[in-house]
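Asker: Take this structure, written in structure tokens, and hold onto it; I'll ask about it next.
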Amino acid sequence: MSGDARKTAEGLAYLSGFGNEHSSEAVPGALPHGRNTPQRAPLGLYSEQLSGTAFTEPRAHNRRSWLYRIRPSAAHPAFTRADNGTLRSAPFTETEPDPNRLRWNPLPEPSAGTDFLAGLWTLGGNGDATRRTGMAVHLYHANSSMERVFSDADGELLIVPERGGLLLRTEFGLLPVEPGGVALIPRGVRFRVELLDDASGASARGYVCENYGAPFQLPDLGPIGANGLANARDFLAPVAAYEDTEGPVEVVNKFCGNLWTATYDHSPLDVVAWHGNHLPYVYDLRRFNVIGTISYDHPDPSIFTVLTSPSNTPGLAGVDFVVFAPRWLVGEDTFRPPYFHRNVMSEYMGLIEGAYDAKAEGFVPGGGSLHNMMSAHGPDRETFDRASAAELRPQKVADGLAFMFETRWPVTATAQAAGAEHLQRGYDDVWQGLQRHFRPLR
């Protein structure tokens with residue numbers, strides 16, 4: 001199936017704009033006009049609404065799409081429980097919340113025949129999936145394309161590839177995503193993940209933020225003005241594409257923390273036309289319009305927010321997605337790497353490529369670090385010494401692409417993460433040797 005995935009991806013068209021009311025039809029005349037549910041939908045299709053928010057949420061935040069499909073989603077047999085594998089969900093109660101700073105190496109290579117779903121490995125999270133609050137941090141490794149179809153009723157999935165590209169076949173159409181980009185799959189949307197490259201020994205690896213709370217949105221810009229950070233037009237939604245196939249298809253649904261499976265007699269990716277705003281997207285992180293100081297001091301990392309999931313407290317996110325993209329450093333009389341910090345929020349950081357400017361070594365692509373609420377962190381000794389003595393010329397940071405999932409509640413690690421062989425046992429050592437330099441004036 002995946003042998004033609006890259007060729008397929010190269011010829012795709014897209015719809016531009018985050019949160020827009022988009023519409024698309026794979027067959028002319030499939031999309032009704034003037035109403036959502038005509039007595040007879042065009043071309044013998046079924047009308048179906050997919051609601052990502054409650055009917056009565058404010059219009060500015062309401063997410064829903066109308067789908068015109070070959071069979072209604074209701075036409076399926078009963079689901080039965082499936083093995084969760086290494087996938088875990090909130091509430092996370094296997095271990096106690098840990099105030100220690102933690103860092104992991106990349107996941108080991110997957111066993112043969114591991115697809116995206118089987119390769120999901122949960123590091124930790126917070127909240128409660130059944131109450132639609134909180135988030136989870138997952139990593140994935142895969143060396144096989146999915147034949148089955150997956151959907152997540154518990155939350156939306158922000159996929160951050162680190163190695164190897166993916167082709168996402170969704171109910172709305174096809175979206176490719178490669179390292180340096182991200183994909184957002186809304187709650188409840190069915191999809192299949194194929195590897196863009198399936199040569200012998202090829203594999204894919206990356207990170208996933210599962211957001212149980214309010215859907216991600218673009219952050220308000222405040223005094224920044226009308227432009228900057230992630231521009232809405234750079235988010236790309238798919239055009240309609242459908243599968244009209246008969247025969248058994250396994251469909252896996254994540255529901256209230258567990259996996260459930262059913263065998264359909266047809267492909268559920270059979271949407272011929274659609275309109276709405278509850279949509280999947282891809283976004284190129286290199287298009288992020290980085291804003292920083294042009295005078296002095298390192299800005300707070302909130303200035304690098306790509307997407308935010310708001311809570312019921314203004315300015316407090318359930319989870320933010322933050323990117324440390326290529327940028328210029330020009331601050332005068334300024335310690336330019338990220339500063340030493342204790343934070344009421346909890347921070348999980350990952351690295352897509354290159355190096356991160358606050359860590360000289362040990363933080364590698366595919367790995368990650370967790371600094372929970374009020375856990376002290378910051379540059380290691382080598383970075384501190386170098387930055388404190390550096391000549392402050394304009395400097396381009398262009399050799400790394402890091403990101404952060406920042407969340408309002410502490411992240412409790414799963415038992416498999418707390419006891420993983422790839423957990424770095426000596427992480428605290430990176431701050432050893434930070435010497436006393438205090439010299440009182442006399």
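Asker: Among Gly426, Met404, Pro365, pick out the residue whose Cα is farthest towards the positive end of the charge dipole of the stretch 319-434, where Lys and Arg carry +1 and Asp and Glu carry -1 on C-beta, about the Cα centre.
Answerer: Working it through, the farthest residue towards the positive pole turns out to be Met404.
Asker: Taking 0.36 nm per intervening residue step and subtracting the Cα-Cα distance, what contour gain separates Leu218 from Arg425 on full extension?
Answerer: Between Leu218 and Arg425, full extension yields 70.8 nm more.
Asker: Oh, and also: In whole angstrom, note down how far apart the Cα centers of the stretch 243-268 and the stretch 4-22 are.
Answerer: 24 Å
Asker: What is the local net charge at Ala214, summed over the other residues whose Cβ is closer than 13 Å to its Cβ (Lys, Arg +1; Asp, Glu -1)?
Answerer: Taking every Cβ under 13 Å from that of Ala214, the sum is +2.
Asker: Further question on the same structure: For Tyr212, what residues show an amide H to amide H distance below 5 Å, using hydrogens built from the backbone and excluding near sequence neighbours?
Answerer: Hits under the 5 Å cutoff: Gly134, Met135, Ala136.
Asker: Here is a further query. Tabulate in residue order the Karplus-calculated ³J(HN,Hα) for the stretch 46-55, using 6.51 cos²θ - 1.76 cosθ + 1.60 with θ = phi - 60°, rounded to whole Hz; enter x for Gly and Pro.
Answerer: 9, 8, 8, 9, 10, 9, x, 9, 5, 3
Asker: Something else now. Leaving ligands, DNA and RNA out of it, report the carbon-plus-sulfur percent of the accessible area of the chain at a 1.4 Å probe.
Answerer: Answer for the chain is 50 percent, counting heavy atoms of protein chains only.
Asker: Taking K and R as +1 and D and E as -1, what net charge do the other residues with C-beta under 12 Å from the C-beta of Arg192 add up to?
Answerer: -3
Asker: Classify the stretch 4-285 as rounded, prolate or oblate, taking a ≥ b ≥ c as the square roots of the eigenvalues of its Cα gyration tensor: rounded when a/c is under 1.5, otherwise prolate if a/b is larger than b/c and oblate if not. Please list the in-between numbers first.
Answerer: Details: a/c = 1.41, a/b = 1.23, b/c = 1.15.
Judged from the Cα gyration tensor, the stretch 4-285 comes out rounded (a/c under 1.5).
Asker: Given Cα pairs under 8 Å that are at least 6 residues apart, what percent is the relative contact order of the chain? Before the final figure, lay out the partial values.
Answerer: Details: 1158 pairs, mean separation 90.8, N = 442.
Worked out over the chain, it gives 21 percent.
Asker: Can you bin the stretch 239-291 into rounded, prolate or oblate? Criterion: square roots of the alpha carbon gyration tensor eigenvalues sorted a ≥ b ≥ c, rounded for a/c under 1.5, prolate for a/b above b/c, oblate for the rest.
Answerer: Judged from the Cα gyration tensor, the stretch 239-291 comes out oblate (a/c at least 1.5, b/c at or above a/b).
Asker: Starting from the Cα of Lys7, draw a straight line to each of the aspartates and glutamates and keep only those under 17 Å, dropping any in the same chain fewer than 8 residues away.
Answerer: Answer for Lys7, where 17 Å is the Cα cut-off: Glu178, Glu194, Asp197, Asp198, listed by chain and number.
Asker: Which value, in debye to the nearest 20, describes the size of the charge dipole of the stretch 244-395 about its Cα centre when Lys and Arg Cβ atoms bear +1, Asp and Glu Cβ atoms bear -1, and nothing else is charged? Display every interim value, and only then the final one.
Answerer: Numbers: 10 positive and 19 negative charges, 87 e Å.
For this selection, approximately 420 debye.
Asker: Suppose only helical runs count, i.e. DSSP H with n ≥ 4. What mean residue ellipticity at 222 nm does that imply for the chain under -39500 (n - 2.57) per run, divided by all residues and rounded to the nearest 500 deg cm²/dmol?
Answerer: -1000 deg cm²/dmol
Asker: Would you work out the charge dipole size for the chain about its Cα centre, treating the Cβ of every Lys and Arg as +1 and the Cβ of every Asp and Glu as -1, and quote it to the nearest 20 debye?
Answerer: Value, rounded to 20: 860 debye.
Asker: Express in nm, to one decimal, how much length is gained between Asn100 and Asn227 on full extension, taking 0.36 nm for each residue of separation and deducting their alpha carbon distance.
Answerer: 41.9 nm
Asker: Can you give me the long-range amide H partners of Val306? Hydrogens built in the peptide plane at 1.01 Å from N, cutoff under 5 Å, separation of 5 or more residues or another chain.
Answerer: Under 5 Å from the amide H of Val306 lie the amide H atoms of Phe321, Val322, Val323, each far enough along the sequence or on another chain.
Asker: Turning to a different aspect of this structure: Residue by residue through the stretch 226-236, what is 3J(HN,Hα) from phi via Karplus (6.51 cos²θ - 1.76 cosθ + 1.60, θ = phi - 60°)? Round to whole Hz and write x for glycine and proline.
Answerer: Here the 3J(HN,Hα) series is 8, 9, x, 6, 8, 7, 4, 6, 8, 8, 10 Hz.
Asker: Another question about this same structure. Expected output is a single nm value to one decimal: the length gained when fully extending between His76 and Glu109, i.e. 0.36 nm times separation in residues minus the C-alpha distance. What is it? If you can, show how the numbers build up before the last one.
Answerer: On the way: separation 33, 0.36 × 33 = 11.88 nm, distance 3.53 nm.
This chain segment gains 8.4 nm when fully extended.
Asker: Okay, moving on. For the stretch 1-133, what's the relative contact order in percent, using C-alpha pairs closer than 8 Å and at least 6 residues apart?
Answerer: Contact order relative to length: 17 percent.
Asker: With only Lys, Arg, Asp and Glu charged, each at its Cβ (+1 for the first two, -1 for the last two), find how big the charge dipole of the stretch 1-111 is about the Cα centre; round to the nearest 20 debye.
Answerer: The calculation lands at about 380 debye.
Asker: Based on the alpha carbon coordinates of the stretch 258-346, what radius of gyration and maximum Cα-Cα distance (Dmax) apply, in Å?
Answerer: My reading of the Cα-based Rg and Dmax gives 20.4, 67 Å.
Asker: Same structure, new question: Mind giving me the nanometre distance, one decimal, between the label points for Ala60 and Ser311, set 7 Å out from Cα along Cα→Cβ?
Answerer: For the pair Ala60/Ser311, the computed spacing is 2.1 nm.
Asker: Now for a separate question. Write down the accessible area per residue of the stretch 4-285 in Å², having rolled a 1.4 Å probe over the full set of protein chains.
Answerer: Value for the stretch 4-285: 42 Å² per residue.
Asker: Give me the percent relative contact order of the stretch 289-421, please, defined on Cα pairs under 8 angstrom at least 6 residues apart. Present the calculation step by step, with values, prior to reporting the outcome.
Answerer: Details: 262 pairs, mean separation 41.1, N = 133.
Computed over the stretch 289-421, the figure is 31 percent.
Asker: Which residue, chosen from Ala325, Thr313, Val290, occupies the Cα position most advanced towards the positive end of the dipole of the chain, where the dipole is computed from +1 (Lys, Arg) and -1 (Asp, Glu) charges on Cβ about the Cα centre?
Answerer: It is Thr313.
Asker: Another question, if that's okay. Taking amide H positions as placed 1.01 Å from N in the peptide plane, with prolines and chain starts having none, which residues 5 or more places from Phe235, or on another chain, fall under 5 Å of its amide H?
Answerer: Gly17, Phe18
Asker: Taking the Cα centre of each part, how many Å lie between the stretch 66-89 and the stretch 124-199?
Answerer: 15 Å
Asker: For the stretch 339-352, just list the computed ³J(HN,Hα) in residue order, Karplus coefficients 6.51, -1.76 and 1.60, θ = phi - 60°, integers in Hz, with x standing in for Gly and Pro.
Answerer: 7, 5, 7, 10, 10, 5, 7, 10, 10, 10, 10, x, 10, 8
The values are calculated or read from the model by the stated rules, or taken from the named source; none is laboratory data. Given the structure is predicted, the values throughout are model-derived calculations rather than measurements. Glycine gets a Cβ as well: all are built from the backbone with ideal geometry, and neighbour counts include every protein chain shown. We work out accessible area using only protein heavy atoms, side chains counted, and drop any ligands, DNA or RNA first. Shrake-Rupley method; radii C 1.70, N 1.55, O 1.52, S 1.80 Å.
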